[in-house]
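All remarks here apply to the structure that follows.
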Amino acid sequence: MKKPFIHQDFLLQSEAAKKLYHNYSADQPIIDYHCHLPPQEIAEDKNFKNITKIWLDGDHYKWRAMRTCGVDEKFITGSASDKEKFLAWAKTVPKTLKNPLYHWTHMELKNPFGITEQLLNGDSAEKIWDKCNEMLQSPEFSTRGLLKQNNVKVVATTDDPTDKLEFHTQFNSEDEDAFKMVPTFRPDRGMEIENGDEWRGWVEKLAGVSGVNISSFSDFLKALKQRHDFFDEMGCRASDHGTDRPYSDDFKNEEIENIFLKVLSGKSPSNEETRKFKSAFLYHCGIMDAEKGWVYQLHVGAIRNNNSRMMKELGRDTGFDSIGDFDLAQPLAHLLNRLDSEDQLPKVILYNSNPRDNELMSTMIGNFQDGTVSGKLQHGPPWWFLDQKDGIEAHITSLSNMGVLSQLIGMTTDSRSFLSFPRHEYYRRVLCNILGDDVENGLIPDDLELVGSMVQDISYNNAASFFGF
């Protein structure tokens, strides 16, 4: 019989790699410390109506590929039926050969649906549609069922400070001991003063949920701190900041107060004022995180919402973002150094979206390690445009050469889909293949216990210790 495309040794090209993966990594639990899964769907243990709802809705990776292959927007985000959208994706899949979507698609059909004998295409689409939809109605394929199937022990959602976290409260009130769901503090909207009315609306919402009357920047920080405290009580152990660059202009407190009042009154800030405000915002968030022992995650380097026409039509996060080309080294060093010099530097994860910045990040983290925590600063796993085989290999190579790979906290999905957990498997297979090749080539010892213990740490143990879940 012809071997399935996604077979047990997929991506494992040496005997050592196979042993490392199957004996040391495959069965390790998952800590998904950064994702965009909706808490409501986990709290309510939702079963999805069909595979389009769980697999295609919100997946801008797939949307970009479909547009590139000439699929009309009607069948992507438009008025077509769910089945029509799935069939359009199925016909697109064969055209994605050599794109990571081809790997992920078939890994996700294998896990959890057990589909290995058929590749997804226009001919197989009807049968796969029917099989997946039938399985999705069973308890094992509810949101919680899928998390348990994938051996997920912690899922960290991404949450705005103005969120009341009612679904985390609901989940925590139940007797669910298979995994934890914890929030992550994502305050990006609070630093975007250039957005005028949208920002002022957010400040008003923050005032309402925190109970703080916000009429100054100090009030603003007080309200943020109140929400930060609440998130901590709800099990939060990290903040997350998605920004084009690590803002770190010098500023004086009086300047920030004046900028805040200016924008709150309805006036537009200058570019310099915007940079200074964002610098102050990121700095103060770092101080809050250090106080709590949280992890400070910084996602930098993407240029977002480039297509203004589609931004108006579809809104944010719909597949019109790309890698940016920003000056990162000096401002990032300045931000970290200011926090460190004041003994306020929290645990940090730095994520780059431009592959040229791998070595920059791998060397930057070494500047501020202080021996208090193993891997206190992390070069975060390949993110967004880099979370494919080549990107993972390049990240592991740069970190191995310029940092300490053994301290790495492993992969995360950064996904909105409950079918994305095979990305952990994908990452672990690539990791084991790299280390297996080194064993076979005599570059590291032929000691599988030694190498295997490092694989286990990167797969699970380091993240568990780092976040303290």
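The values are calculated or read from the model by the stated rules, or taken from the named source; none is laboratory data. Only a predicted model underlies this, so the values are computations on that prediction, with no experimental measurement involved. Quick reminder, even Gly has a Cβ in these numbers, built from the backbone with ideal geometry, and neighbours come from all protein chains shown.
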*If you check every pair at least six apart or on different chains, which have Cβ atoms under 9 Å apart with a residue in the stretch 155-179 that is closer than 16 Å to Arg227 by Cα first and a residue that is hydroxyl-bearing (Ser, Thr, Tyr) and outside any loop (DSSP other than H, G, I, E, B) second?*
Pro161/Ser210; Thr162/Ser210
*asked:* Looking at Thr413, Thr363, Thr397, Thr372 in this structure, which one is of a type in the set (S, T, N, Q) and farther than 30 Å from Ile287 by Cβ?
replied: Thr397
*asked:* Taking the condition of being touching a helix residue (DSSP H, G or I) at 6+ places or on another chain (Cβ under 7 Å) and within 18 Å of Asp197 (Cβ to Cβ), how many residues in the stretch 253-277 meet it?
replied: 8
_Considering only the stretch 150-159, I want to know if a residue exists there that is small (Gly, Ala, Ser) and surrounded by 15 or more Cβ atoms within 10 Å (Cβ to Cβ)._
yes
_Wholly within the stretch 398-469, helices (runs of 4 or more DSSP H) carrying at least 2 residues that are in the same structural domain as Gln28 (by TED's automatic domain parsing) and under 16 Å from Lys18 (Cβ atoms)_ = 422-440, 448-456
*asked:* From the list Asp414, Asp457, Asp390, Asp438, exactly one residue is free of Cβ contacts under 8 Å to residues at least 24 places away in the same chain, crowded, with 16+ Cβ neighbours inside 10 Å and not hydrophobic (A, V, I, L, M, F, W, C). Which is it?
replied: Asp438
*asked:* Yes or no: the stretch 335-354 includes at least one residue that is of a type outside the set (D, E, K, R), touching a Pro at 6+ places or on another chain (Cβ under 7 Å) and either without any contact (Cβ under 8 Å) to a residue 12 or more places away in the chain or part of a helix (DSSP H, G or I) (or both).
replied: yes
_Out of the residues in the stretch 284-320 meeting the condition of being in contact (Cβ under 8 Å) with a residue 60 or more places away in the chain and aliphatic (A, V, I, L, M), tell me which one is nearest to Met66 (Cα to Cα)._
Leu314
*Across the stretch 120-134, what is the total count of residues that are in contact with a Leu (Cβ under 9 Å, 6 or more places away or on another chain) and part of a loop (DSSP other than H, G, I, E, B)?*
2
_Being basic (Lys, Arg), surrounded by 17 or more Cβ atoms within 10 Å (Cβ to Cβ) and within 25 Å of Thr184 (Cβ to Cβ): is that true of Lys276 here?_
no
_helices (runs of 4 or more DSSP H) (entirely within the stretch 221-326) containing at least 1 residues that are in the same structural domain as Gly380 (by TED's automatic domain parsing) and under 21 Å from Leu360 (Cβ atoms)_ = 271-292
